[in-house]
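S.K.: Mind having a look at this structure? Questions to follow.
The values are calculated or read from the model by the stated rules, or taken from the named source; none is laboratory data. Keep in mind the model is a prediction, meaning the values are calculated, not measured. Because the Cβ atoms are built from the backbone with ideal geometry, glycine has one as well, and the counts that use them run over all protein chains shown. When the accessible area is computed, the model is the full protein with side chains, heavy atoms only, and any ligands, DNA or RNA have been set aside. Shrake-Rupley method; radii C 1.70, N 1.55, O 1.52, S 1.80 Å.
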Amino acid sequence: MPASVAVRGAGLRLSEVEDLAALARRLSDAPAPAAVRRFAAPDTVLAPVERGVYGPVEPRLPARAGSRGLRSVPHESLLALASAADTPTRPEARTPDDTTAVVWASSTAGLPEYATVCAEASTLDPGFVAPALGPASAYNGPAATVSIRLGLAGPNLTLTGGATAGISAIAEAMRLIATGDASAALVGASATVTRWSLTAAHDHLTPAEGAACLALEPSAGPGIQLRECQRTDLVHATARVIQAAARPETRPDGLVISTLDAGLVDALASGQPFPVWHVERSLGDLGAAGGFLAVVGAAALCAAATSPTKILALAVEPCGSTASLEVSSS
Amino acid sequence: MDRDSVAVSGVGAVSPAGLGVHALWRAIEDRRVLTGPVTRYDLSGYPTQQAAEVPPGAVAALDSLVPPHESLAARYLAAATLEALGDAGLPAHRRRGRLGLFVGTVMGTRPLLDRAIGRGPLGVAERAWARPDELLAAVRKVVTVDGPAVLLAPGCSAGNEAIAAGAAAVASGEVDVAVCGGADELSLEVFAFFTSMRALAADAIRPFDAGRRGTMPGEGAAVLVLERAGRVTARGRAPLAHVLATASAADAHNLTQPHPDGAGLIATIQTCLDRAGVEPDDVDWVCAHGTGTPANDAVEARAVAKALGGRRRPVLSSVKGQLGHAEGGAAALEAVIGVRALAHDLVPGNVTLVDPDPECAGVDLVEPAGRRGPVRRVLSQAYGFGGAVCTVLLGKGTPDAR
């Protein structure tokens with residue numbers, strides 16, 4: 001993994017968050033009210049439910065993503081594509097020999113497609129499920145869609161799981177840049193809310209949908225930098241926060257945490273000389289994308305600051321796995 | 001031997017051959033074709049009913065090996081991990097050194113929903129099917145993970161991407177021990193959509209055969225334990241193999257079709273050779289992706305012939321004719337077979353090959369019996385829907401042969 005990478009730009013498709021400045025404000029504001037929506041899963045035993053969620057989010061595809069052949073592309077892949085196409089990249093990324101990687105994190109990609117194939121397999125004769133749904137029913141739809149539509153022939157990686165996957169996606173992109181597999185990387189994360197995802201949703205959090213993407217490139221010059229990714233257990237991660245806070249020269253200016261556990265955020269914030277923001281409180285539950293948004297949120301806070309700023313992004317999963325990353329501006 | 005090189009110190013597998021690497025390698029050596037009628041699901045009414053299943057007896061035997069979990073893939077992964085750590089001489093708990101988990105999958109725990117498929121509206125009971133991190137739940141109960149826990153789902157290159165990520169984590173010092181592997185269980189959802197795509201063979205998978213008609217789903221898990229070579233020898237053990245190089249790229253072409261020139265595959269093969277400092281003729285076996293579909297095999301053979309153009313045609317075979325296509329488990333199973341091939345100096349054959357496809361004439365297709373002879377380097381490639389490609393180059397464990 002290289003010592004650091006630079007953030008060239010960001011693309012966002014989040015509920016009522018247009019840009020990094022709005023994201024920085026949203027993290028600090030009181031949680032926004034959630035719109036109640038009705039979710040159904042036809043041809044199943046699942047009863048429709050009404051639930052307050054952050055969303056829906058419309059893809060609003062930029063021209064760069066093209067418009068043809070998108071009818072059968074799943075909603076989450078369209079959100080991913082829109083956020084990636086909105087992310088400023090180096091001009092070289094559009095040349096044939098370029099090896100810009102696409103690395104994506106999602107807990108929900110392909111979930112409604114998988115379930116729909118299962119429902120069709122139950123209600124239709126064998127061999128009659130929609131052929132277009134199956135290949136879109138794995139986790140890698142967003143990364144594949146971004147790579148294919150934007151013509152990016154560098155490594156194509158998808159991570160899934162909980163919140164740490166969003167930070168691990170950045171760690172793996174940094175690794176691919178360091179090994180030379182990739183010249184740069186579009187790293188992103190996404191989530192959608194469906195009747196299917198609600199079967200596993202956490203009662204105490206607001207489910208949310210959206211996508212975000214960062215363009216990373218080898219570190220050069222001023223701007224926002226990412227460095228010091230650590231992936232470890234909660235004990236070591238807590239020690240990192242406490243040790244960093246103890247000395248002025250290592251003390252961060254803030255901490256952005258992605259976790260399902262609000263109590264953990266309160267515990268880590270207790271007695272700290274810097275502010276602590278909680279992704280899920282502000283933006284809702286985005287699964288694996290939560291960890292990624294901790295980094296994007298930290299970048300947004302750095303960008304909004306008027307002086308050089310250093311913010312730690314941390315993702316913690318219920319099993320105790322953690323991932324953290326230092327985000328700084330010069 | 002370079003003490004800092006990345007070594008394979010242990011391997012584990014659950015496959016249609018049953019539990020363990022020994023059973024898997026015996027099936028390869030004995031040329032057993034492990035595809036057959038599916039027993040786990042009712043496929044009456046489907047035009048084809050064949051796949052490669054982990055045998056029911058082996059599934060039952062998991063009860064005494066790993067904690068209970070609804071997901072078979074999660075249990076396969078836990079069993080393969082325990083075997084691999086035991087093979088490496090590493091305790092699952094109370095270890096010295098940091099351990100990371102790098103696991104590839106295509107469908108993860110989603111096949112739990114398949115059990116609800118029946119007649120009429122779909123019944124939905126389990127919640128774990130919608131929680132991808134549940135795939136690691138059984139492993140976490142038997143292994144202390146204090147480093148990264150990374151679940152990679154880039155399509156069917158998953159197992160190789162897990163090896164690439166784990167090898168990099170060992171090389172950089174992020175972890176001392178990388179548990180790298182892949183896992184998937186037989187999915188009726190996959191079977192249903194492969195049926196609708198007309199991608200399934202009725203009798204046998206015949207990679208690189210002129211009469212190939214398609215593939216068949218398989219299942220299983222395989223794990224390779226990676227460490228720095230010096231750590232392995234310091235325990236008084238010899239590395240089983242070395243990870244000489246890995247490389248990743250993408251076709252950026254089509255969701256379901258490979259690039260007609262195999263662009264991503266060629267790029268990864270050439271990068272592996274460059275990184276390892278070896279020539280095309282130094283590769284003794286190309287463990288092909290070889291799914292047996294008309295779309296894949298000719299493209300793959302041409303790409304390999306182009307990327308490995310040397311004095312001789314590249315020696316190539318696919319084990320999918322025996323094992324089916326285990327999706328996220330496939331590349332990891334093939335890497336484990338590669339490790340055994342290096343140790344036993346046997347290149348597995350194209351067991352189901354009857355009539356070699358003239359379009360694949362650029363490669364030296366191994367006859368069904370396989371070939372005995374020095375195997376010093378194995379190149380194993382994997383790719384799939386979405387266009388992601390990852391290739392791994394393995395070398396012998398003994399220092400003189402590298």
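S.K.: B plus A alone minus the pair: what accessible area, both sides summed, probe 1.4 Å, in Å² to 100?
M.R.: Roughly 5100 Å² of accessible surface disappears when B and A pair.
S.K.: With a cut-off of 8 Å between alpha carbons and a minimum separation of six or more residues, what is the relative contact order of region B:141-277 in percent? Before the final figure, lay out the partial values.
M.R.: Numbers: 132 pairs, mean separation 27.5, N = 137.
Averaging sequence separation for qualifying contacts and normalising by length gives 20 percent for region B:141-277.
S.K.: In peptide B:252-259, how many Cβ atoms from other protein chains are near each Cβ within 10 Å, on average?
M.R.: Per residue, the average neighbour count from other chains is 5.
S.K.: So for each of B:174-182, B:133-141 I average, over its residues, the number of other beta carbons within 10 Å; can you give me the resulting order with the highest mean first?
M.R.: Result, highest mean Cβ count within 10 Å first: B:174-182, B:133-141.
S.K.: Here's a follow-up. Helix-only estimate, please: 222 nm mean residue ellipticity of the protein assembly as shown, summing -39500 (n - 2.57) across DSSP H runs of length 4 or more and dividing by its residues, to the nearest 500. Each step should come with its number before you reach the end.
M.R.: Working: 21 runs with 220 residues, N = 732.
Calculated at 222 nm, the ellipticity per residue is -9000 deg cm²/dmol.
S.K.: Please give the helix A:111-123 orientation as an angle from the longest Cα principal axis of chain A, in degrees from 0 to 90, rounded to the nearest 10.
M.R.: It is inclined by approximately 20 degrees.
S.K.: Then there's this: Residues of region B:323-340 with the amide nitrogen closer than 18 Å to a label point 7 Å from the Cα of B:Val33, along Cα-to-Cβ, please.
M.R.: Residues B:323-326 fall inside that zone.
S.K.: Beta carbons within 10 angstrom, averaged per residue: use that to sort the peptides A:50-58, B:163-171, B:7-15, B:209-217, highest first.
M.R.: B:7-15, B:163-171, B:209-217, A:50-58
S.K.: While we're here: Going from most exposed to least, what order do B:Val143, B:Val59 have by accessible area with a 1.4 Å probe?
M.R.: Listed by decreasing accessible area, they come as B:Val59, B:Val143.
S.K.: With θ taken as phi - 60° and the coefficients 6.51, -1.76 and 1.60, list the Karplus ³J(HN,Hα) couplings across region B:75-87 in order, rounded to whole Hz; mark glycine and proline as x.
M.R.: 6, 4, 5, 5, 5, 5, 5, 4, 4, 5, 5, x, 4
S.K.: What's the angle, to the nearest 10 degrees (0 to 90), between helix A:141-150's Cα axis and the longest principal axis of chain A?
M.R.: 80 degrees
S.K.: Rank these residues by their accessible area, most exposed first, probe 1.4 Å: A:Glu16, A:Glu280.
M.R.: A:Glu16, A:Glu280
S.K.: So for each of A:177-188, B:145-156 I average, over its residues, the number of other beta carbons within 10 Å; can you give me the resulting order with the highest mean first? Provide the component values of the computation, followed by the final result.
M.R.: Working: A:177-188: 25.5, B:145-156: 28.8.
Highest mean packing first, the order is B:145-156, A:177-188.
S.K.: Rounded to the nearest 0.05, what FRET efficiency do B:Val142 and A:His202 have when you use their Cβ-Cβ distance and R0 = 25 Å?
M.R.: Working from the Cβ atoms, E equals 0.45.
S.K.: Grab the Cα-Cα distance for B:Thr398 and B:Arg119, subtract it from 0.36 nm times how many residues apart they are, and report the gain in nm with one decimal.
M.R.: Full extension of this stretch gives 94.8 nm more.
S.K.: Additional query: Measure nothing but the geometry: give the 0 to 90° angle between the long axis through the Cα atoms of A:288-304 and the longest principal axis through the Cα atoms of chain A, rounded to 10°.
M.R.: Compared with the principal axis, the helix lies near 40 degrees.
S.K.: Taking θ as phi - 60°, what are the ³J(HN,Hα) couplings along region B:196-206 by the Karplus curve (6.51, -1.76, 1.60), each to the nearest whole Hz, with x for Gly and Pro?
M.R.: So the J values, rounded to whole Hz, are 5, 7, 6, 9, 9, 7, 8, 10, 8, 7, 10.
S.K.: Same structure, new question: Considering amide H positions built from the backbone, and no H for Pro or chain starts, which residues 5 or more places from A:Leu159, or on another chain, come under 5 Å of its amide H?
M.R.: Those lying under 5 Å, H to H, from A:Leu159 are A:Trp104, A:Ala105, A:Ser106, B:Ala153.
S.K.: Moving to a separate point now. For a quick check of understanding: with a 1.4 angstrom probe and all protein chains in place, what accessible area in square angstrom does B:Met197 have, to the nearest ten?
M.R.: 60 Å²
S.K.: Ignore the peptide's own chain and count Cβ atoms of other chains within 10 Å of each Cβ in A:122-130; give me the average, rounded.
M.R.: Across A:122-130, the average partner-chain Cβ count within 10 Å equals 6.
S.K.: Calculate, in nm to one decimal, what B:Glu279 and B:Asp2 gain on full extension: separation in residues at 0.36 nm each, minus their alpha carbon distance.
M.R.: 97.7 nm
S.K.: Right, here's the next one. Let's test the formula: R0 of 45 Å, r as the Cβ-Cβ distance of A:Arg60 and B:Arg94. What FRET efficiency results, to the nearest 0.05?
M.R.: 0.25
S.K.: Provide a whole-number value for the mean count of partner chain Cβ atoms within 10 Å of the Cβ atoms in peptide B:377-389.
M.R.: Whole-number average of other-chain Cβ neighbours for B:377-389 is 4.
S.K.: For A:Asp266, B:Asp282, A:Asp97, what's the largest-to-smallest order of accessible area, 1.4 Å probe?
M.R.: Working: A:Asp266 105, B:Asp282 55, A:Asp97 145 Å².
The ordering from most to least exposed comes out as A:Asp97, A:Asp266, B:Asp282.
S.K.: Follow-up. Could you pull the Rg and Dmax for the protein assembly as shown, using just the Cα atoms, both in Å?
M.R.: Reported Rg and Dmax, both Å: 23.9, 74.
S.K.: Please tell me the relative contact order of region B:246-352 in percent, rounded to the nearest whole number, where contacts are Cα pairs under 8 Å and at least six residues apart.
M.R.: With pairs under 8 Å counted, the relative contact order is 26 percent.
S.K.: With r defined as the distance between the Cβ atoms of A:Ala130 and A:Ala220 and R0 fixed at 60 Å, what FRET efficiency is calculated, to the nearest 0.05?
M.R.: Numbers: r = 47 Å, r/R0 = 0.78.
Efficiency for this residue pair is about 0.80.
S.K.: Further question on the same structure: Averaging sequence separations of C-alpha pairs under 8 Å and six or more residues apart, then dividing by the length of chain A, give the relative contact order as a whole percent.
M.R.: 25 percent
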